[in-house]
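One structure is given here, and the rest of the page talks about it.
The values are calculated or read from the model by the stated rules, or taken from the named source; none is laboratory data. Predicted model only: the values in this text are computed from it and were never measured. Neighbour counts are summed over all protein chains in view; Cβ atoms, including those assigned to glycine, are modelled from backbone coordinates with ideal geometry.
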Amino acid sequence: MKNLSRRLGMAALVAALPLALAAQAPAAGRAGRGAAGRAPAFPTRPAAPPTVIAHGQQVFEANCSFCHGDDARGGSVGPNLVRAQVVLDDKNGELITPIVHGSLASAGMPKFDLSDSDIAAVAAWLHNQPLGNRGAASSLDILVGNAAAGKAYFEGAGKCSSCHAVTGDLAGIGAKFDPKQLQNAIVSGRAGRGGAAGPETTVTVTLPSGQVIEGKLDKLSAFTVALTEKDGVYRSFVINGDTPQVVVHNPLQAHIDMLRTWKDSDIHNLTAYLATLK
């Protein structure tokens, strides 16, 4: 019964909170899209210590899971937090803290009296979810979408069928994955690879002389780029402004870009459709 009083009267949260969360996202994050309208790359952060992540999960389960689900992917009345814009833009809990402390009370999100360190731990756990292990299976029914709508989305122009085929890389995928694994595979971009790690990220480095070096990306920072060429030779280069030119090729970029634009209904419908491919 803990926190039950906070959970009553939340029916409006489903419709109101996603919009409110989007409004909370920094303008800089929304302005980060390029001229072609592409979303910025999915944020990558150093993993928090396992003890912090574990604590964040405990705090989340005790205070948030009733509405948002055991794995933050949406629950009885609360929306998916894993793909919420404010969570994607947050770094250490600084954007989540005001919401937990009541900034969205008017939208139906109750105030919780959690410490900043507890919220930072919850943020660390949420940030660990998008492409990582989401812990124990949720008790929620994942197959809540419309399979026919999922098929229409899959076959739509510029959608899934432009890269995937139900008679090719996705053949029999519904028998290979349980519904929860299917949904995770859709979001991570690994649906056509049996959930295994996908093709490696590569990089092209063009030196001022015009020489082009390509290979598997090993490291990229504001000051250094390092790669391993096809013959196994490791090379690194100092970055000074725009020199050398560095272009990263991420095989999962299409899924990363789609992550910020997919609706929850799209994910649920696709899951329901792919589950039928036995």
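For Asp264, which of the numbered conditions (1) in contact (Cβ under 8 Å) with a residue 24 or more places away in the chain; (2) touching an Asp or Glu at 6+ places or on another chain (Cβ under 8 Å) fails to hold?
Only one criterion is unmet by Asp264, namely (2).
Is at least one residue of the range 106-119 at pLDDT 90 or above, among the aliphatic types (A, V, I, L, M), crowded, with 22+ Cβ neighbours inside 10 Å and on the phi < 0 side of the Ramachandran plot?
Yes, the conditions are met somewhere in the range 106-119.
Test each condition in (1) modelled with pLDDT under 80; (2) loosely packed, with under 14 Cβ neighbours inside 10 Å for His255 and report the one that comes out false.
(2)
Which residues, counting only those in the range 223-265, are of a type in the set (Asp, Glu) and in contact with a Lys or Arg (Cβ under 9 Å, 6 or more places away or on another chain)?
Pass one, the range 223-265, residues of a type in the set (Asp, Glu): 229, 231, 242, 257, 264.
Scanning the range 223-265 gives Glu229, Asp257, Asp264.
Going through the range 82-94 one residue at a time, which ones are in a loop (DSSP other than H, G, I, E, B) and modelled with pLDDT of 85 or more?
Filtering the range 82-94 down to residues in a loop (DSSP other than H, G, I, E, B) leaves 82-84, 90-94.
Residues satisfying the conditions are Asp90, Lys91, Asn92, Gly93, Glu94.
What are the residues in the range 113-129 that are in a helix (DSSP H, G or I) and under 25 Å from Asn184 (Cα atoms), if any?
Taking the range 113-129 as the starting set, the residues that turn out to be in a helix (DSSP H, G or I) are 116-127.
Residues satisfying the conditions are Ile119, Ala120, Ala121, Val122, Ala123, Ala124, Trp125, Leu126, His127.
List, please: which pairs have Cβ atoms under 6 Å, are six or more places apart or on different chains, and start with a residue in the range 162-187 that is within 10 Å of Lys278 (Cα to Cα) and end with one that is surrounded by fewer than 15 Cβ atoms within 10 Å (Cβ to Cβ)?
Within 6 Å, the pairs are Gly174/Thr276; Gly174/Lys278; Ala175/Lys278.
Could you give every pair whose Cβ atoms fall below 6 Å, whose first residue belongs to the range 63-82 and is surrounded by fewer than 21 Cβ atoms within 10 Å (Cβ to Cβ), and whose second residue is at pLDDT below 80 and β-branched (Val, Ile, Thr), counting only separations of at least 6 or pairs across chains?
So the pair list comes out as Val77/Val14.
So, of the residues in the range 91-105 that are among the small types (Gly, Ala, Ser) and more than 20 Å from the chain's Cα centre (by Cα), which turns out to be surrounded by the fewest Cβ atoms within 10 Å (Cβ to Cβ)?
Within the range 91-105, the match that is surrounded by the fewest Cβ atoms within 10 Å (Cβ to Cβ) is Ala105.
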